[in-house]
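Undergrad: Take this structure first; my questions come after.
The values are calculated or read from the model by the stated rules, or taken from the named source; none is laboratory data. None of these values were measured; they are calculated from a predicted model. Note that each Cβ is placed from the backbone with ideal geometry, even for glycine, and that neighbours are counted across all protein chains shown. Areas reflect the complete protein model, heavy atoms only, side chains present, ligands, DNA and RNA absent. Shrake-Rupley method; radii C 1.70, N 1.55, O 1.52, S 1.80 Å.
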Number of protein chains: 2
Amino acid sequence: MALEHAILVSLAEQAATGYDLARRFDASIGYFWRASHQQIYKTLARMEADGWVSATIEPREGTADKKTYAITDAGREELTRFSAEPSPREALRSDFAVKLRGLADVAAIVEDTRRRRADHVERLDRYEASAKRHYPDPAAIEEHERGAYLALRGGILSERTGIAWCDEILGQLETRSER
Amino acid sequence: MALEHAILVSLAEQAATGYDLARRFDASIGYFWRASHQQIYKTLARMEADGWVSATIEPREGTADKKTYAITDAGREELTRFSAEPSPREALRSDFAVKLRGLADVAAIVEDTRRRRADHVERLDRYEASAKRHYPDPAAIEEHERGAYLALRGGILSERTGIAWCDEILGQLETRSER
DNA sequence: AGTCGCATGTAAGTTGTTACATGATTAC
DNA sequence: GTAATCATGTAACAACTTACATGCGACT
């Protein structure tokens, strides 16, 4: 259950509303963890009950109050505790690999692989643009940003591998499906 | 919900009991999809109700009947339908990346990264041994095994990338944590 | 006598998804 | 006026995890 921890990491950098967090989960943090706003609101409520975050309430008329969440000392402690515990190996779950393994409809898989490749390219571009903008000189990275940089590097390496895999698949299947 | 489809792919190759499937999910298919035996039994029951699989029952005294499942025509149809539908991009969820991004405890992350690297190496070895055993000559792969081969290639590429990433992380963090 | 492999499940709880629902403010 | 952005949620459902539970047969 690392959504809580992803939120803590994000709030440790900067306090935010649930809405802000949802946007962050569509961008930076979202490179490694996806979450819907519904999930985020639910989790924030639990985290507040646990004392890991505290909310500053700005009352608004006619609609629900705006709540800005900040990490508490207990939250920071929990983050340290989480950081020190070994991470479980990710349960990998790939619809695509299952489909590929079955290989029931070559033309459909070729099409799917092309779509997948385009998606990898798009994300790689995004990551590389982000790397260029935030870390133009990898030798000059400051300690506080090293984690984010290394995480981004992971994203870049993994997208490149995704593209290479798609190319290998297409190389072997394309000629067969176009007859 | 592709557990059903992973099971269909597996049963299309060979009929099996829930127990057999659970073991396959610890090995071959398990490279791309993890599932516990509890989950598998539950899903098989639903799939039988949906008519995608049929069970041959071997009654046993004193304990639950043994059920061997086989894919039905409806199951094969569903597999084709699933195969033709575009696969959703995987929601990537990495505790490790979240932790890295937070970078709260460098020594702990270095340790975690080493463990992770060893795990990648072990899996890569397993995949490469499997590739060597089943596909000694990549040029001579038969059509019916091409999907499994390409899926395995994906596993190999991804483990190699995982190792490269760990090495990059260790290269940047190791010296810092050992002072 | 005890562990391992085979074989089947139930129950309770957590997490995540999808659909639904509301309302203010700002830009075109 | 209408669409986008900001902002917060509820409800129902589906999927997955963890703990518990049983029992046979073979081997040691």
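Per-residue answers, yes or no, for (1) more than 16 Å from DNA strand D (Cβ to nearest atom); (2) of a type outside the set (A, V, I, L, M); (3) within 29 Å of B:Ile141 (Cα to Cα); (4) surrounded by 14 or more Cβ atoms within 10 Å (Cβ to Cβ):
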| residue | (1), (2), (3), (4) |
| --- | --- |
| A:Val9 | yes, no, no, yes |
| A:Glu13 | yes, yes, no, yes |
| A:Glu61 | no, yes, no, no |
| A:Lys67 | no, yes, no, yes |
| A:Asp73 | yes, yes, no, no |
| A:Leu79 | yes, no, no, yes |
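Undergrad: So, in segment A:56-72, of the ones that are farther than 13 Å from A:Ala16 by Cβ and among the aliphatic types (A, V, I, L, M), which residue ends up nearest to DNA strand C (Cβ to nearest atom)?
TA: So, considering only residues that are farther than 13 Å from A:Ala16 by Cβ and among the aliphatic types (A, V, I, L, M), the one nearest to DNA strand C (Cβ to nearest atom) is A:Ala64.
Undergrad: Further, regarding this structure: Please specify each residue of segment B:82-130 satisfying the condition of being within 7 Å of another protein chain (Cβ to nearest Cβ), of a type in the set (Gly, Ala, Ser) and either assigned to a helix (DSSP H, G or I) or surrounded by 15 or more Cβ atoms within 10 Å (Cβ to Cβ) (or both).
TA: B:Ser83, B:Ala84, B:Ser87, B:Ser94, B:Ala97, B:Gly102, B:Ala104, B:Ala108 - these are the residues of segment B:82-130 that are within 7 Å of another protein chain (Cβ to nearest Cβ), of a type in the set (Gly, Ala, Ser) and either assigned to a helix (DSSP H, G or I) or surrounded by 15 or more Cβ atoms within 10 Å (Cβ to Cβ) (or both).
Undergrad: Here are some residues: B:Thr161, B:Thr175. Which one is part of a helix (DSSP H, G or I), open to solvent by 60 Å² or more (accessible area, probe 1.4 Å) and either β-branched (Val, Ile, Thr) or at positive phi (or both)?
TA: On the way: B:Thr161 fails: open to solvent by 60 Å² or more (accessible area, probe 1.4 Å).
Just one listed residue meets the conditions, B:Thr175.
Undergrad: If you go through segment A:69-81, how many residues are among the hydrophobic types (A, V, I, L, M, F, W, C) and facing another protein chain (nearest Cβ under 8 Å)? Before you say what the answer is, go through the steps one by one.
TA: If we filter segment A:69-81 for residues that are among the hydrophobic types (A, V, I, L, M, F, W, C), which is where we start, we get A:70-71, A:74, A:79.
Imposing the further condition that a residue be facing another protein chain (nearest Cβ under 8 Å) reduces the set to A:79.
Looking only at that region, the number is 1.
Undergrad: Continuing with the same structure: I need the full set of residues from segment B:16-30 which are within 14 Å of chain A (Cβ to nearest Cβ) and either within 9 Å of DNA strand D (Cβ to nearest atom) or more than 8 Å from the chain's Cα centre (by Cα) (or both), in order please. Quick ask: steps written out before the conclusion?
TA: Pass one, segment B:16-30, residues within 14 Å of chain A (Cβ to nearest Cβ): B:21, B:24-30.
Answer for segment B:16-30, where residues must be within 14 Å of chain A (Cβ to nearest Cβ) and either within 9 Å of DNA strand D (Cβ to nearest atom) or more than 8 Å from the chain's Cα centre (by Cα) (or both): B:Leu21, B:Arg24.
Undergrad: Here is a further query. Would you mention how many residues in segment A:52-70 are more than 24 Å from B:Phe96 (Cα to Cα) and not in a strand (DSSP E or B)?
TA: Of the residues in that region, 7 qualify.
Undergrad: Separate question: Considering every residue within segment A:124-146, establish whether at least one is among the aromatic types (Phe, Trp, Tyr) and within 21 Å of B:Leu173 (Cα to Cα). Reasoning before the result, please.
TA: Taking segment A:124-146 as the starting set, the residues that turn out to be among the aromatic types (Phe, Trp, Tyr) are A:127, A:135.
When the remaining residues are screened for being within 21 Å of B:Leu173 (Cα to Cα), the result is A:135.
Checking segment A:124-146: at least one residue is among the aromatic types (Phe, Trp, Tyr) and within 21 Å of B:Leu173 (Cα to Cα).
Undergrad: Pick from A:Trp33, A:Trp52: which is surrounded by 15 or more Cβ atoms within 10 Å (Cβ to Cβ), of a type outside the set (Lys, Arg) and facing chain B (nearest Cβ under 9 Å)? If you could, list the steps in order and put the result at the bottom.
TA: Values: A:Trp52 fails: facing chain B (nearest Cβ under 9 Å).
Unique residue meeting the criteria: A:Trp33.
Undergrad: Where residues in segment B:31-59 are more than 11 Å from B:Ile7 (Cβ to Cβ) and of a type in the set (Val, Ile, Thr), which of them is nearest to DNA strand D (Cβ to nearest atom)?
TA: Out of the qualifying residues, it is B:Ile57.
Undergrad: Another one. Tally time: how many residues in segment B:14-48 are assigned to a helix (DSSP H, G or I) and at pLDDT below 95? Give the steps one after another, and end with the answer.
TA: Start the filter on segment B:14-48 by keeping residues that are assigned to a helix (DSSP H, G or I), which leaves B:18-24, B:29-31, B:37-48.
From what's left, at pLDDT below 95: B:29-31.
Residues meeting the conditions: 3.
Undergrad: Does B:Ala45 qualify as being of a type in the set (A, V, I, L, M) and either in contact with a His (Cβ under 8 Å, 6 or more places away or on another chain) or open to solvent by 10 Å² or more (accessible area, probe 1.4 Å) (or both)?
TA: Values: of a type in the set (A, V, I, L, M): yes; either in contact with a His (Cβ under 8 Å, 6 or more places away or on another chain) or open to solvent by 10 Å² or more (accessible area, probe 1.4 Å) (or both): yes.
In short, yes.
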